[in-house]
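Beneath this line is the structure, given in structure tokens, with notes to follow.
The values are calculated or read from the model by the stated rules, or taken from the named source; none is laboratory data. This is a predicted model, so every value here is computed, not measured. Every residue, glycine as well, gets a Cβ built from its backbone with ideal geometry; the counts of neighbours run over all protein chains shown.
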Amino acid sequence: MTILVTGSAGHLGEALMRTLGCERAHGLDLKPSAFTDNVGSIIDREFVRHCMSGVHTVIHPATLHKPHVATHSAESFVETNIRGTLILLEEAVAAGVRCFIFTSTTSVFGWALVPGAGEPASWVTEDVHPAPKNIYGVTKTAAEDLCELFSRKYGLAVAVLRTSRFFPEPDDDPAVREKYEPANVQANELLYRRTDIADVVDAHLVAIEKVRSTGFARYLISATTPFSKSDLPLLRSEARCVVRRLFPECEALFAARNWHLPSEIDRVYVNARARANLGWQPKYNFRYVLDCLKEGRDFRSPLAREIGIKGYHGESFADGLYPVA
């Protein structure tokens, strides 16, 4: 009996395969790679059925991502993210798979993340109702609902993990790229909207162990924030003051690298449920960043450095990493 990892040539898929090893897991992807045993599409039912043989757990990160919104049709997103997930669920149930871990995204929250003028930053937990801003968020929300349906109807043990940013590429916003170097942006984001890929992998693995007893659940997977609800009003206008109060040493450490703290933070992702219910213990956070800066070390995990930057397209674009829809 083995674990099937979809999207095994991608960032998270490769990270999962590297961690699990080929003795425990088989990889599935459209693209050949050192971590892909089965090359094919999740919308090919016969192929998926073949891949389910001997599988007891499916981990499903394969998806069209937000960067594909401007380069792929809405129909492609529906085919891959919704129909592909449906086929995987149906064939998993037919094959007697015990556990299904679905990798979702904080992009499902969409408009719910955007506070109005003068309002405090958003405190984002699993109880915030999704309000997707694009076809990516819409299809991931629909796929989550399919997972819940199959769990309740067929008794399939399912966990949905809404992961925050963990990609290593520079930010897609030109204004952000102009002001901050990539490591600075990513260090800042560990305060409120980012996680390291090693912690994401760990969340998936602990979910496998826990989901059989907890039943269906959604979990928000992000670095543990240092902020509390009382910080939310000031984060919108004076985020630097809040960070300096919590981490007095950060100013000198950032200044030595010509880094800058964020002037405004509009949302805070809260991982309390995943830590409490799954026993997940994320390691990489803003405190870890500062400790690494003091010691002159890279704050990214060894796993993140191993995988590096993969990109989302087979082509380059004149105006940045990819077209922004």
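So, in region 264-280, how many residues would count as being surrounded by 12 or more Cβ atoms within 10 Å (Cβ to Cβ) and either among the hydrophobic types (A, V, I, L, M, F, W, C) or touching an Asp or Glu at 6+ places or on another chain (Cβ under 8 Å) (or both)?
Let us first name the residues in region 264-280 that are surrounded by 12 or more Cβ atoms within 10 Å (Cβ to Cβ), namely 265-275, 277-278, 280.
Going one step further and asking which of them are either among the hydrophobic types (A, V, I, L, M, F, W, C) or touching an Asp or Glu at 6+ places or on another chain (Cβ under 8 Å) (or both), we end up with 265, 268, 270, 272-274, 278, 280.
Looking only at that region, the number is 8.
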- prompt: F167 versus (1) over 14 Å from the mean Cα position of the chain (by Cα); (2) surrounded by fewer than 22 Cβ atoms within 10 Å (Cβ to Cβ): which is the lone unmet condition?
  reply: (1)
- prompt: Are any residues in region 228-254 closer than 30 Å to E144 by Cα and either touching a residue at least 24 places away in the same chain (Cβ under 8 Å) or assigned to a helix (DSSP H, G or I) (or both), and if so, which ones?
  reply: K229, L232
task: Name every residue in region 119-151 that is in a helix (DSSP H, G or I), among the charged types (D, E, K, R) and without any contact (Cβ under 8 Å) to a residue 12 or more places away in the chain, in order of residue number.
output: D145
query: Would you pick out the residues in region 205-222 that are surrounded by 20 or more Cβ atoms within 10 Å (Cβ to Cβ) and assigned to a loop (DSSP other than H, G, I, E, B)?
result: S222
field: Any pair with Cβ under 9 angstrom, 6 or more apart, that starts in region 51-65 at a residue that is closer than 13 Å to C99 by Cβ and ends at one that is in a strand (DSSP E or B) and at pLDDT below 95
entry: V55/T2; H56/T2; T57/T2
- prompt: Of all residues in region 170-197 being among the small types (G, A, S) and surrounded by fewer than 20 Cβ atoms within 10 Å (Cβ to Cβ), which is farthest from A121 (Cα to Cα)?
  reply: A183
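Any chance region 48-55 includes a residue that's basic (K, R), surrounded by fewer than 20 Cβ atoms within 10 Å (Cβ to Cβ) and assigned to a loop (DSSP other than H, G, I, E, B)? It would help to see each step written out before you state the result.
Just the residues of region 48-55 that are basic (K, R), to begin with: 49.
Imposing the further condition that a residue be surrounded by fewer than 20 Cβ atoms within 10 Å (Cβ to Cβ) reduces the set to 49.
Now drop any that are not assigned to a loop (DSSP other than H, G, I, E, B), which leaves none.
Scanning region 48-55, I find no residue that is basic (K, R), surrounded by fewer than 20 Cβ atoms within 10 Å (Cβ to Cβ) and assigned to a loop (DSSP other than H, G, I, E, B), so the answer is no.
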Sole exception among (1) part of a helix (DSSP H, G or I); (2) touching a residue at least 40 places away in the same chain (Cβ under 8 Å) for T225, by number: (1)
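Given the criteria under 18 Å from D145 (Cβ atoms), part of a loop (DSSP other than H, G, I, E, B) and modelled with pLDDT of 95 or more, does I42 qualify?
yes
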statement: Listed by first then second residue, the pairs whose first member lies in region 93-118 and is within 18 Å of E264 (Cα to Cα), whose partner is buried (at least 21 other Cβ atoms within 10 Å of the Cβ) and among the aliphatic types (A, V, I, L, M), with beta carbons under 9 Å and at least 6 positions apart or on separate chains, are A112/V124; L113/V124; P115/A121
- prompt: So G110 fits all but one of (1) out of contact with any Phe, Trp or Tyr (no Cβ under 7 Å at 6 or more places or on another chain); (2) in a helix (DSSP H, G or I); (3) under 18 Å from I43 (Cα atoms); what number is the exception?
  reply: (3)
message: Looking at region 177-204 only, could you name the residues that are among the charged types (D, E, K, R) and part of a helix (DSSP H, G or I)?
response: R177, E178, K179, E189, D199, D202
message: When you check A117 against the structure, is it among the small types (G, A, S) and crowded, with 16+ Cβ neighbours inside 10 Å, yes or no?
response: no
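Out of T19, T36, T80, T85, report the one residue that is surrounded by 21 or more Cβ atoms within 10 Å (Cβ to Cβ) and either in contact with a helix residue (DSSP H, G or I) (Cβ under 7 Å, 6 or more places away or on another chain) or of a type in the set (G, A, S) (or both).
On the way: T19 fails: surrounded by 21 or more Cβ atoms within 10 Å (Cβ to Cβ); T36 fails: either in contact with a helix residue (DSSP H, G or I) (Cβ under 7 Å, 6 or more places away or on another chain) or of a type in the set (G, A, S) (or both); T80 fails: either in contact with a helix residue (DSSP H, G or I) (Cβ under 7 Å, 6 or more places away or on another chain) or of a type in the set (G, A, S) (or both).
Every option except T85 fails the conditions.
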- line: Per the filter on region 233-250, residues surrounded by 20 or more Cβ atoms within 10 Å (Cβ to Cβ) and of a type in the set (A, V, I, L, M) are L235, A239, V242, V243
- line: In the set T19, T36, T6, the lone residue that is closer than 20 Å to H204 by Cα and without any contact (Cβ under 8 Å) to a residue 40 or more places away in the chain is T36
